[in-house]
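Input: a single structure, listed below in structure tokens.
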Amino acid sequence: MALHSVADGHDFTAGSVAGSIVRLSLPMIFAQLVNVLYNIVDRMYLGHMQGDGRLALTGVGVAFPIVTIINAFANLCGSGGAPLCSIERGRGDEEKAGRIMGNSLTLLVVFGFILTALGYLCKTPLLYLFGASDETFFYADAYMDVYLAGNLFVMLGLGMNPFIESQGFAKTGMFTVVIGAILNLILDPLFIFGLGLGVRGAALATILSQFVSAAWVLCFLCGRKAILRLDLPALRLQWDLVRRILALGLSGFTMSVTNSLVQIFCNASLQFYGGDLYVGAMTIIYSVREVVQMPIQGFTQGAQPVIGFNYGAGENGRVKEAVRFIRRVTLSYAVGIWVVLMLFPRFIISFFNGEAELSEVAAVSMRWHFALFFFMAFQYIGQTVFVSLGKAKQAVFFSLFRKAILGVPLILILPRLWDLGITGVLAAEPVTNVIGGLACYLTMMAVVWKRL
């Protein structure tokens, strides 16, 4: 299949690098923000339920690490396969790019069935391990019972949408998320309050919405508008491609899993030192973090096809230009949003729950959690370059380094130092942001920048 012309916007070796990134990333940012609504809106509605809103909110928060792990497997295939597609397109080998996409779809289906089965078998001990109490377990268990039934739809929608974006169809990728999110907004109040389904209604609204998103993605990738189309021969697994997809995807996978791991240890530690109140506060904080990180994620993901395409085409000067541009934008955003979070924590928290006791605890916790948030920008810059250029080992290592190697031990150690308790649990996040972010960025500059 021949490469599309420069004029159609799918060849990134000509024209403005910044313009190409903005053109791809703006729909991605919007799509990422809308995507957050799947879970955020659930929590907002549940947090304002009459009587047991706080327990329902906390229960869903306890279940969230399982959802994150499921999403991590979708990222394993999507963030592993899509950059490889961009690199092969840059080299002019679209037949191989199509086989990479087909193999990624097969992997998603296999992982989807396995995770669903394991989820039903292990959810009870996992939820207690992740910080559920006897009071909140009912809500966490009810949510996961329904969510796991639609797990495959979630994975297909999240995992295959990057292949639309990697071909330059950013607006189409955006519509994938928007369609599902709008449907979720409509179904949430209907199921939660109108039909009285509570947390089960929130989960049902989510999986039905993801089913529609997954159908949209697959229809587009099988249709005439796609540059790379799904076909049956490409679905047959080729182990050399599987190895490359999983190796590169381990970066996004590791980042998601280690985020989940930190949430698990954080919830368990907060349950031990403070109880359900602090676990509920952290549920709100994780929800806020999803929102504020999504623009960075959308922007850097929008930059990946441009960087990968130019790298595959040997345009190293344009790769460096792209890195400089994402550095300026990402740092500026991170500092700006940090100021907002430090100044207005109670206003932000009020969207999730209005109880005075929970609001007070959540406000203090939020300021600790986001105290040095802007250093996260360095992590995103470094990770984006490593993934875009196919540097799987470095991308995976720094995903592990910030959360698993630094984050988890600090959550366990700091509360015991000088009897810090809750404060020690909360202080772990800003410390990992500084050390992990700078280590990733400085290594990228030393290893990749000079070679370019």
Only one of 149, 140 is assigned to a helix (DSSP H, G or I) and farther than 24 Å from residue 266 by Cβ. Can you tell me which?
149
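This table checks each residue for (1) among the hydroxyl-bearing types (Ser, Thr, Tyr); (2) modelled with pLDDT of 75 or more; (3) open to solvent by 50 Å² or more (accessible area, probe 1.4 Å).
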residue	(1), (2), (3)
13	yes, no, no
24	no, no, no
45	yes, no, yes
51	no, no, yes
54	no, no, yes
64	no, yes, no
Among the residues of the range 68-79, is any modelled with pLDDT of 85 or more, in a helix (DSSP H, G or I) and farther than 18 Å from residue 305 by Cα?
yes
Scan the range 142-152 for residues that are of a type outside the set (A, V, I, L, M, F, W, C) and either open to solvent by less than 10 Å² (accessible area, probe 1.4 Å) or without any contact (Cβ under 8 Å) to a residue 12 or more places away in the chain (or both) and jot them down.
143, 147, 150, 151
Of a type outside the set (Ser, Thr, Tyr) and open to solvent by less than 40 Å² (accessible area, probe 1.4 Å): which single residue out of 347, 325 fits that description?
325
Condition first: over 21 Å from residue 250 (Cα atoms) and free of Cβ contacts under 8 Å to residues at least 40 places away in the same chain. Can you find one or more residues in the range 60-77 that meet it?
no
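Residue-wise test of (1) open to solvent by 30 Å² or more (accessible area, probe 1.4 Å); (2) on the phi > 0 side of the Ramachandran plot; (3) of a type outside the set (Ser, Thr, Tyr).
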| position | (1), (2), (3) |
| --- | --- |
| 241 | no, no, yes |
| 244 | yes, no, yes |
| 271 | yes, no, yes |
| 275 | no, yes, yes |
| 291 | yes, no, yes |
| 295 | no, no, yes |
| 312 | no, no, yes |
Any chance residue 100 is at pLDDT 80 or above, surrounded by fewer than 24 Cβ atoms within 10 Å (Cβ to Cβ) and in a helix (DSSP H, G or I)
no
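Would a scan of the range 233-246 turn up a residue that is of a type outside the set (Lys, Arg) and at pLDDT below 75?
Yes, that holds for at least one residue.
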Confirm whether residue 130 is of a type in the set (Phe, Trp, Tyr) and either closer than 20 Å to residue 239 by Cβ or open to solvent by 20 Å² or more (accessible area, probe 1.4 Å) (or both).
no
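Collect the residues in the range 153-193 that are farther than 23 Å from residue 26 by Cβ and either in contact (Cβ under 8 Å) with a residue 40 or more places away in the chain or of a type in the set (S, T, N, Q) (or both), keeping them in residue-number order.
Across the range 153-193, the qualifying residues are 153, 154, 155, 156, 188, 189, 192, 193.
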Residue tally, condition at pLDDT below 80 and not in a helix (DSSP H, G or I), over the range 333-367
6
Determine, yes or no, whether residue 406 is at pLDDT below 85, part of a helix (DSSP H, G or I) and buried (at least 20 other Cβ atoms within 10 Å of the Cβ).
yes
Do we have any residue at all in the range 353-360 that's within 22 Å of the chain's Cα centre (by Cα) and surrounded by 20 or more Cβ atoms within 10 Å (Cβ to Cβ)?
no
Of the residues that make up the range 375-392, is at least one open to solvent by 40 Å² or more (accessible area, probe 1.4 Å), at pLDDT below 85 and assigned to a helix (DSSP H, G or I)?
no
Exclusive hit being open to solvent by 20 Å² or more (accessible area, probe 1.4 Å) and either under 29 Å from residue 308 (Cα atoms) or over 19 Å from the mean Cα position of the chain (by Cα) (or both), set 180, 168, 196
196
Would you check which residues across the range 236-279 are in contact with a Leu (Cβ under 8 Å, 6 or more places away or on another chain) and farther than 23 Å from residue 390 by Cβ and list them?
264, 265, 268, 269, 276, 277, 278, 279
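The values are calculated or read from the model by the stated rules, or taken from the named source; none is laboratory data. None of the values given here were measured: they were computed from a predicted structure. All Cβ positions, glycine included, derive from the backbone under ideal geometry; neighbour counts span all protein chains shown. To get the accessible areas, we keep the full protein, side chains included, count just its heavy atoms, and leave off ligands, DNA and RNA. Shrake-Rupley method; radii C 1.70, N 1.55, O 1.52, S 1.80 Å.
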